[in-house]
1. Go through the residues of region 109-129 one by one and say whether even a single one is within 16 Å of LYS38 (Cα to Cα), in a helix (DSSP H, G or I) and aromatic (Phe, Trp, Tyr).
2. Can you tell me which residue within region 350-395, out of those that are at pLDDT 80 or above and hydroxyl-bearing (Ser, Thr, Tyr), is surrounded by the most Cβ atoms within 10 Å (Cβ to Cβ)?
3. I'm trying to understand the selection: among the residues of region 425-458, which are touching a residue at least 12 places away in the same chain (Cβ under 8 Å), of a type in the set (A, V, I, L, M, F, W, C), assigned to a helix (DSSP H, G or I) and open to solvent by 20 Å² or more (accessible area, probe 1.4 Å)?
4. Based on what the data block shows, is ILE205 touching a Leu at 6+ places or on another chain (Cβ under 6 Å) and either more than 22 Å from ALA245 (Cβ to Cβ) or open to solvent by 20 Å² or more (accessible area, probe 1.4 Å) (or both)?
5. Taking region 353-392 only, how many residues are closer than 30 Å to THR143 by Cα and outside any helix (DSSP H, G or I)?
6. Does region 393-407 contain any residue that is assigned to a loop (DSSP other than H, G, I, E, B) and either under 17 Å from PRO162 (Cβ atoms) or over 37 Å from the mean Cα position of the chain (by Cα) (or both)?
7. From HIS51, HIS57, which residue is more than 31 Å from the chain's Cα centre (by Cα), open to solvent by less than 10 Å² (accessible area, probe 1.4 Å) and touching a residue at least 12 places away in the same chain (Cβ under 8 Å)?
8. I need the full set of residues from region 209-229 which are of a type in the set (Gly, Ala, Ser) and open to solvent by 10 Å² or more (accessible area, probe 1.4 Å), in order please.
Amino acid sequence: MADGNSETKSSNQMWGGRFASGPDAIMEEINASIGFDKKLYGQDIRGSIAHATMLAHQGIISAEDKDKIVHGLNTILSEIESGQFEFSRRLEDIHMNIEARLATLIGPAAGRLHTARSRNDQVALDFRLWVKEELQRTEKALTGLIAAFLDRAEEHAETVMPGFTHLQTAQPVTFGHHCMAYVEMIGRDRSRVRHAIEHMDESPIGAAALAGTGFPIDRHMTASALGFAGPTRNSIDTVSDRDFALEFLSIAAIAATHLSRLAEEIVIWSTPQFGFIRLSDAFSTGSSIMPQKKNPDAAELVRAKTGRINGSLIALLTVMKGLPLAYSKDMQEDKEQVFDAAESLELAVAAMTGMVRDMTIRADRMKAAAGSGYSTATDLADWLVREAGLPFRDAHHVTGRAVALAEQKTCDLADLTLEDLQSIHPQITAKVFDVLTVEASVASRTSFGGTAPNEVRKQIAWWRARN
C-alpha cells in the first residue's frame, strides 16, 4: 500500500481537483463508508472485471490494458481474502480503496478502468449484486426451514393438540396441521424472495452518473457477464433506485414477523403450565440464581431480532422518502441497514430451523389440553345440524346450553350423560358421543386444507414435491 503522503495525494486527486486539501476530520468521519461497504469488495471486483472486459471488446481500451486491469483486480481480491489488504478511511469507500491499490499495482492503466462509468452506477451495481446473492442465500435457508417443518408435520400428523383463537382453546387440531401452517407462512416468504430476485435482475452498470455515456459501450454484454437478465432501461432511475434494498428489507421484516410468532409459541409451549414441548440444552440457558430454570433464550432472541429488522426497513424508507432524482449522498445510509437485517435474518432462520428439529413434542400433554375448554362444542353443533336437522343458529344455542350444564357439573361435554343431553334437546341420541372425542373431531375435518390426518398428509406430499 502507498504511504501516508501519497495516500493523501491520491485522495485529493480522486476529488477531481475541486478542493485544495483533503476533507477535514469531521468531513472524513461523516463521508467515509469503508467501515461497512468493504463487505462489497467481491461484487466491486466482479463488476470492474466485467466492465473492463466489455471496454476492451468495444475497442474503448486496449486488450493489454484490460489484461493488466484484470490481473491487478484478481491480485487485490487475493490480498483482501488473505487479510493482507489495508483499507483506508481517507479513501472513503471500497471503490476508491480498490482503485488506489490498482494504480499502485499496474500504474496508468488503472485510470482507464473508470471510463464510461461513475461511482453512482458502480455502487448501484455492487449493492444490487450483494442483495441478489443474499436473497439467494435466504431462499436456501427458508427451504431448509420448510423441510424441518415438513418432517415434524409428517411425524405428528395424528398428534392431537388444542387449536387456539384469542389464545383460548377453540377446536382440536393436530400438531402436524399446526406445523403446516408455518410451512405456508414460510413458503410465502420464499415466494416473495423469488419474486424479488426477478424484480431486481437488471444490471445498473453503464448508466454512469445519471445520463448514460457517449462511449459505445455494450450494457447487454456486462449484464450477461454478471448474471443479470439484462440492463436497466432508464439511467436516472438506475442510479437513484433502492427499491431492491427496500424490497429485501420488507421481505426480511415479514419473514422475521413469522419467525417471531413461532418463537412466541415456543416460549409459551415450553412453560411448565403448557408443557407441550421441551427444548434441549443446545437452545436453552439456565438461571444464575434459580437452578430449576430452563429458559428458551434462542426463541426469545429470535423474537427480539424482529425489532431490529423492522427498524432497518423504517430507517431506509425514511432515508428515501424525500430524495429528488437522481443520486444523493443520503443513499450511502442504505447499506448498514440491509447488512444488519440480513445478518439478523440469517441467524434467526438458522436458530429456528435448529429449534424445530430439536424440540421434543410431549403428545400426552397436547392431547390432555386438546379436550379442555369444551373444544368439541362445534362438533356437537354440527351433529345437531346433520343428524337432528336443526338450523345452525338453533344448534349453536342448544350447544351453548350443553356447555353451561357441563360447566355446572364440572365435567367435559363427553362426560355428560345421554339423559343430560336429551334434557336440553330430545332429538339427541347416543350416536352423539361418537363426535365428542378430540380424535373424532380431528378426523372429521376432512375439507381441503383441514386438520384431518389424511388431509395433512396430502398437504405434506404437495409441499415435498415443491420444496
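The values are calculated or read from the model by the stated rules, or taken from the named source; none is laboratory data. In this text the structure is predicted, and so the values were computed from the model without any measurement. Cβ placement follows ideal geometry from the backbone for every residue including glycine, while neighbour counts extend to all protein chains displayed. These accessible areas exclude ligands, DNA and RNA; they are computed on the full protein's heavy atoms, side chains included. Shrake-Rupley method; radii C 1.70, N 1.55, O 1.52, S 1.80 Å.
1. Yes - at least one qualifying residue is present in region 109-129.
2. The extreme case among them is THR353.
3. ALA430, PHE433, ALA440
4. no
5. Residues that pass the stated criteria total 4.
6. So far as region 393-407 goes, no, none of its residues is assigned to a loop (DSSP other than H, G, I, E, B) and either under 17 Å from PRO162 (Cβ atoms) or over 37 Å from the mean Cα position of the chain (by Cα) (or both).
7. Being more than 31 Å from the chain's Cα centre (by Cα), open to solvent by less than 10 Å² (accessible area, probe 1.4 Å) and touching a residue at least 12 places away in the same chain (Cβ under 8 Å) holds for just one of HIS51, HIS57, which is HIS51.
8. Within region 209-229, ALA209, ALA211, GLY212, GLY214, SER224, ALA225, GLY227, ALA229 qualify.
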